[in-house]
There are 2 protein chains.
Amino acid sequence: MSHEQGSGPVTEDLAAFIAGSRREDVPDDVRHEARRSLVNFFACALGGCRDAFVNSATHVLTCFGSAGTATVIGRRQSADVLTAAFLNAASANVFDFDDTHPRTIIHPTAPVAAALLAFAESSPLSGRDLLHALVLGMEAECRIGNAVSPEHYRRGWHITSTCGVFGAAVAVSKAIGLPRERIVWALGNASAQAGGLLETLGSMAKSVSVGNAARNGVVAALLAQAGVFGPQRPLEGTYGFLRVFGPEPDAGRVTEGLGHTWEAALNTYKPYPCGIVLSPVLDACLALRSAHQLDADRIARVEITAHPLLRERTDRVHPVSGREAQVSAQHAVAVALTRGKAGLAEFSDACANDAGLRALREGVAFVEDPQRPVESATLTVRLRDGATLEHRVDEPRGSTARPLTDADLESKLRDLVEYGGSQCDAARLAHAIWHIEDADDAAGVVRLAAG
Amino acid sequence: MSHEQGSGPVTEDLAAFIAGSRREDVPDDVRHEARRSLVNFFACALGGCRDAFVNSATHVLTCFGSAGTATVIGRRQSADVLTAAFLNAASANVFDFDDTHPRTIIHPTAPVAAALLAFAESSPLSGRDLLHALVLGMEAECRIGNAVSPEHYRRGWHITSTCGVFGAAVAVSKAIGLPRERIVWALGNASAQAGGLLETLGSMAKSVSVGNAARNGVVAALLAQAGVFGPQRPLEGTYGFLRVFGPEPDAGRVTEGLGHTWEAALNTYKPYPCGIVLSPVLDACLALRSAHQLDADRIARVEITAHPLLRERTDRVHPVSGREAQVSAQHAVAVALTRGKAGLAEFSDACANDAGLRALREGVAFVEDPQRPVESATLTVRLRDGATLEHRVDEPRGSTARPLTDADLESKLRDLVEYGGSQCDAARLAHAIWHIEDADDAAGVVRLAAG
């Protein structure tokens, strides 16, 4: 079915790169970004581990799995490797609080790390090899995403799932040590399993495709190891992933600059569990509250001056669910000024329905400024005593220009461990992740995150 | 994410139909066609059960499953329900010898029957209810296929897999007895898992997506039962299955005439394990050989008069693999005239490389006749003694106009049981399928097909 199509043998070149990559070929900063991605991954998974979807899926899927050999993050019960990969990816992504590759808006770590960590509990894998495989999996995933962006997402594909399965397959293939030819097969087996629709966002079904991306990536690699071959050009073939899911792909972006530029190093992390456009608003709220010991009772009204996109996306005066609260500027302002926090608890169903926030939400107004970049916002707080406080943010926390620090990520981990209620030792886990390349057995790290 | 789009609430109407359907609403002929589909399903699965893909996938997937509670057709080892669903669907489809819904070219039974039969081994289900659920699953699958055809396949989707997951989800939802609302959820959970690419045809990776269609359909229904909800319009929503996979869907075809016209009754069955365009050629070969006790040594040359499409698709004088042999007219003619048979053994790798067929293959010529319908072919055999034999076929066996008889299907079952080597009792199995509506426990039927 596959034919030459102008671009080079993209799948084969990618597979050759993966097979040939040595740990020392990966620059230090890229490896450090991968460690940061892992800290953020565990934070999100430990925060999401008792979400209703994860509870239901654990109940259903563990009925069919073998006796647990792999950790389900944040939970007492362990599971078989495939089910653990599914559940851990779903937990890490369930609140959309995980990482973002800005060019594609893939959440890259959840499918890849979940696949690798579960695999590491069934087959010996050093921390160095795990981190190396993680980098390569994320690299493949984001590059395949680049080749189909932006049309792929715009048409309705949930890109984290559709590309995540390739990342997971590549990572596990590298962890196994598959040769080039079998990595092509693994990519073919992954292509047969790519799926996930934007229509499911906002429903639990979203997590089904994210969990599958991790699980099916493991299956794709293990089948390739067992001799299951795919087509020669699962990516660039006439009826391969890029053209069918593209639909106007730039196949060359999969391999362009491979080994020289690193997409995996471009990862970003969210400081707040809500729409990314709200980041500058929340930064400003928390800064003003902290600087002026603001008490919500003193506030008469609030103006947000920002690009019109902010109003378009987040004008929801009284959200009734956590999901709606995550895209409500009025809620974000009211809760951050009132509580001085903007974590998962502040964007929960319960908090969305907190009557104490109603008055302040109603006092929030948008001032549109089409000249502003979308990352910028100014918060103007008018106090009952006539005073006015103002704070402008041009580079919000968590953006590429102002990334979360390592300490921020550790703090996110602590907060989310507490939110998730697993009683895992966040400090010990963080230490293990920062030093994962010293670990003889990578599985030891994920076991620290058991519930 | 989903919005009104002109067409009615397709998913909801479909779910309401499924939830409300009573067994007695399904006409006798439709139920009989479902029994015929099951005979053909078991035949193909018993023929494919020891294929290399099935061997490898069994090896990989049973490592992670719980102790076997569900039959893997034709094999000694049992498996967990999800793995059994995967393996049985893969076996039934691996040789593309299974059924065809002509409008969509979906192979409809493999994903749906495999899902239901595995489910029936974990949860009590009568034969009547299984057959009813099978009809409804196939009906949903083929109707969703109608709504996206022909563009969906043309763009590169493997429609058996992409639509099969919906069929499996619907069938298991009905078997569980889910109410309308949860069938909508099951369809949403299925939409998150739809996938499968034409690029993988001709490779083992094809079977990954077919197996997943069955497995993931079971998961979709069980998750819905456990409270995992999807979007309200997973089919017709803006970013739902029909538009994203369409890409020019006719959503109304999902529900048009539901309960009055039955797509499930339009199923057809292949008499030969090769490209469907070769059916009239093989019919003619077998008829001539049998009528004239033809010995291959007496044949000088052979002409096939047919629509030019036949030559386009099947002009391969010396195929080197079973897969190539399946689309080689020269091979088909040579092997059928020489052996008087055209079963899986005649389209195997070994047979493709049988040197004894070379001379006769080289004596086969195409005569193009653009006036002919594609279903028609005339075979002209020129003997060494100067005589000429001719046979014309206008309605090949297995076509809608000349369907395989019940006896033909039983004979296919016998042949494929023998080919697969499972030593299952074909006569007993056939009897159980024809009388499945009398069975209190449908699982008893699939257990007759254990290896």
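The values are calculated or read from the model by the stated rules, or taken from the named source; none is laboratory data. The shown structure was predicted, so the numbers you read here are calculated from the model rather than taken from an experiment. Here the Cβ positions follow ideal geometry from the backbone for every residue, glycine too, while neighbour counts run over all protein chains shown. Calculation scope for accessible area: heavy atoms of the full protein, side chains included, ligands and nucleic acids excluded. Shrake-Rupley method; radii C 1.70, N 1.55, O 1.52, S 1.80 Å.
Some observations on this one:
- Of the criteria (1) under 21 Å from A:Leu116 (Cβ atoms); (2) at the interface with chain B (Cβ under 10 Å from one of its Cβ atoms); (3) open to solvent by 10 Å² or more (accessible area, probe 1.4 Å), which one A:Arg36 fails: (2)
- Qualifying residue in the stretch B:230-242 (condition: more than 15 Å from the chain's Cα centre (by Cα) and assigned to a helix (DSSP H, G or I)): yes
- So A:Glu151, is it among the acidic types (Asp, Glu) and crowded, with 24+ Cβ neighbours inside 10 Å: no
- So A:Thr378, is it open to solvent by less than 70 Å² (accessible area, probe 1.4 Å), touching a helix residue (DSSP H, G or I) at 6+ places or on another chain (Cβ under 9 Å) and not basic (Lys, Arg): yes
- Residues (more than 16 Å from A:Ala401 (Cα to Cα) and either free of Cβ contacts under 8 Å to residues at least 24 places away in the same chain or surrounded by fewer than 17 Cβ atoms within 10 Å (Cβ to Cβ) (or both)) located in the stretch A:364-375: A:Ala365, A:Val367, A:Glu368, A:Asp369, A:Pro370, A:Gln371
- The criterion of being more than 14 Å from chain B (Cβ to nearest Cβ), touching a strand residue (DSSP E or B) at 6+ places or on another chain (Cβ under 9 Å) and at pLDDT 95 or above does not hold for A:Glu121.
- Options A:Phe347, A:Phe366: the member that is in contact with a Pro (Cβ under 8 Å, 6 or more places away or on another chain) and within 16 Å of A:Ala332 (Cα to Cα): A:Phe347
- Out of B:Ala296, B:Ala306, B:Ala336, B:Ala329, sole residue that is farther than 21 Å from B:Gly386 by Cα and out of contact with any strand residue (DSSP E or B) (no Cβ under 8 Å at 6 or more places or on another chain): B:Ala336
- If you filter the stretch A:409-451 down to residues that are charged (D, E, K, R) and not in a helix (DSSP H, G or I), you find that the one that is most open to solvent (accessible area, probe 1.4 Å) is A:Asp440.
- Looking across B:Ala226, B:Ala205, one residue alone is open to solvent by 30 Å² or more (accessible area, probe 1.4 Å), without any contact (Cβ under 8 Å) to a residue 60 or more places away in the chain, at the interface with chain A (Cβ under 8 Å from one of its Cβ atoms) and under 27 Å from B:Ala89 (Cα atoms). It is B:Ala226.
- Any helices (runs of 4 or more DSSP H) falling wholly within the stretch B:296-399 and containing at least 1 residues that are within 24 Å of B:Ile105 (Cβ to Cβ) and among the small types (Gly, Ala, Ser): B:322-325, B:329-339
- Near pairs, Cβ below 6 angstrom, 6+ apart or cross-chain, from the stretch B:178-200 (more than 7 Å from every other protein chain (Cβ to nearest Cβ)) to any residue that is among the polar types (S, T, N, Q) and open to solvent by less than 10 Å² (accessible area, probe 1.4 Å): B:Ile183/B:Ser173; B:Val184/B:Thr11; B:Ala186/B:Ser173; B:Leu187/B:Thr11
- Filter result (at pLDDT 95 or above, under 18 Å from A:Thr162 (Cα atoms) and out of contact with any Asp or Glu (no Cβ under 6 Å at 6 or more places or on another chain)) within the stretch A:239-276: A:Phe241, A:Arg243, A:Val244, A:Phe245, A:Pro249, A:Asp250, A:Arg253, A:Val254
- Looking across the stretch A:161-181, the residues that are touching a Lys or Arg at 6+ places or on another chain (Cβ under 9 Å) and either hydroxyl-bearing (Ser, Thr, Tyr) or open to solvent by 10 Å² or more (accessible area, probe 1.4 Å) (or both) come down to A:Ser161, A:Ser173, A:Ile176.
- Residue satisfying all of: in the stretch B:90-111; within 18 Å of B:Ser149 (Cβ to Cβ) and of a type in the set (A, V, I, L, M, F, W, C); nearest to the chain's Cα centre (by Cα) among these: B:Ile106
- Criterion applied to B:Ala332, B:Ala345, B:Ala336 was being closer than 14 Å to B:Tyr272 by Cα, open to solvent by 40 Å² or more (accessible area, probe 1.4 Å) and in contact with a helix residue (DSSP H, G or I) (Cβ under 8 Å, 6 or more places away or on another chain), and the one residue passing it is B:Ala345.
- Test: residue in the stretch A:133-148 that is under 21 Å from A:Tyr239 (Cβ atoms), within 13 Å of chain B (Cβ to nearest Cβ) and under 16 Å from the mean Cα position of the chain (by Cα): no
- Enumeration of residues in the stretch A:20-33 that are out of contact with any helix residue (DSSP H, G or I) (no Cβ under 9 Å at 6 or more places or on another chain) and crowded, with 20+ Cβ neighbours inside 10 Å: none
- Condition check for A:Gly252: assigned to a helix (DSSP H, G or I), of a type outside the set (Ser, Thr, Tyr) and surrounded by fewer than 19 Cβ atoms within 10 Å (Cβ to Cβ): yes
- Against the criterion of being part of a helix (DSSP H, G or I), within 13 Å of chain B (Cβ to nearest Cβ) and either on the phi > 0 side of the Ramachandran plot or under 17 Å from the mean Cα position of the chain (by Cα) (or both), A:Leu87 qualifies.
- Taking the stretch B:49-59 as the range and being open to solvent by less than 10 Å² (accessible area, probe 1.4 Å) and facing chain A (nearest Cβ under 9 Å) as the test, the residues that pass are B:Phe53, B:Ala57.
- Flag if B:Phe245 is open to solvent by less than 10 Å² (accessible area, probe 1.4 Å), among the aromatic types (Phe, Trp, Tyr) and within 12 Å of another protein chain (Cβ to nearest Cβ): yes
- Scan of the stretch A:395-408 for residues that are free of Cβ contacts under 8 Å to residues at least 12 places away in the same chain and open to solvent by 90 Å² or more (accessible area, probe 1.4 Å), ordered by number: A:Arg402
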